[in-house]
Amino acid sequence: MRNETDESGRPAERFFVLPAGERRPGRAPLPPGFAVKARANETEGRLSVLETQLDIDIPPHVHHDADEFLYILAGEMEVDIEGATHRLTPGMCTLLPHGVPHALRNASQPPARCLQISSPGGWESFVEDMFEAGPVVMKDGHPDLGRLNEIGAKYGMEYQG
């Protein structure tokens, strides 16, 4: 077993119970619609688990290294993958394999919420980098793909125009 560390360099805890509504601490504050439930350093890099709210549509993108699994908790979303659109409702899930471009759209009010599991882990670090960058990741109310690609490069993420 590898000896993973947290952001302060201390050994990461391998067992924890996370109370309802709580999130794992990280290096950057995330908005209310995002909660890290398990960090890569807590799972020996195997996976990351986040609860996310789809406040804006996510343009076509590809994860070159990580598989992404979404389980819909509330609301509805649409997933575009391989030329087809799939509508997901609470209780449904999808596996988005690495290397396959996909896009996500909210299809309800309030916005869809889902449990997102990414393997291997590290997705939470991309999300923290994105929110640390602040408004520069948006341009005219839409994601700035160039800026997102700069941030996502080290995580194997590529947004497509």
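What the table shows:
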| quantity | calculated |
| --- | --- |
| Carbon plus sulfur fraction of accessible area for the chain, probe 1.4 Å, in percent | 56 percent |
| Using alpha-carbon coordinates, inclination of helix 123-133 to the longest axis of the chain, degrees | 70 degrees |
| Per residue solvent-accessible surface (Å²) - the stretch 54-157, probe of 1.4 Å | 49 Å² |
| Reciprocal of mean inverse Cα separation for the stretch 74-161 (Kirkwood radius, Å) | 14.5 Å |
| Fully extended contour minus Cα-Cα distance, from Gln160 to Asp67, at 0.36 nm per residue | 31.7 nm |
| Distance between modelled label sites at Leu18 and Asp57, nm, 7 Å Cα→Cβ extension | 2.9 nm |
| Length added when fully stretched, His98-Asp80, from 0.36 nm per residue minus Cα-Cα | 5.0 nm |
| Kirkwood Rh, angstrom, the stretch 1-156 [1 / mean 1/r, Cα pairs] | 16.3 Å |
| FRET efficiency for Glu44 and His142, using Cβ-Cβ distance with R0 set to 35 Å, rounded to 0.05 | 0.45 |
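The values are calculated or read from the model by the stated rules, or taken from the named source; none is laboratory data. Keep in mind the model is a prediction, meaning the values are calculated, not measured. Cβ sites come from the backbone with ideal geometry, for glycine too, and all protein chains shown count toward neighbours. Note: areas computed on protein heavy atoms with side chains; ligands, DNA, RNA excluded. Shrake-Rupley method; radii C 1.70, N 1.55, O 1.52, S 1.80 Å.
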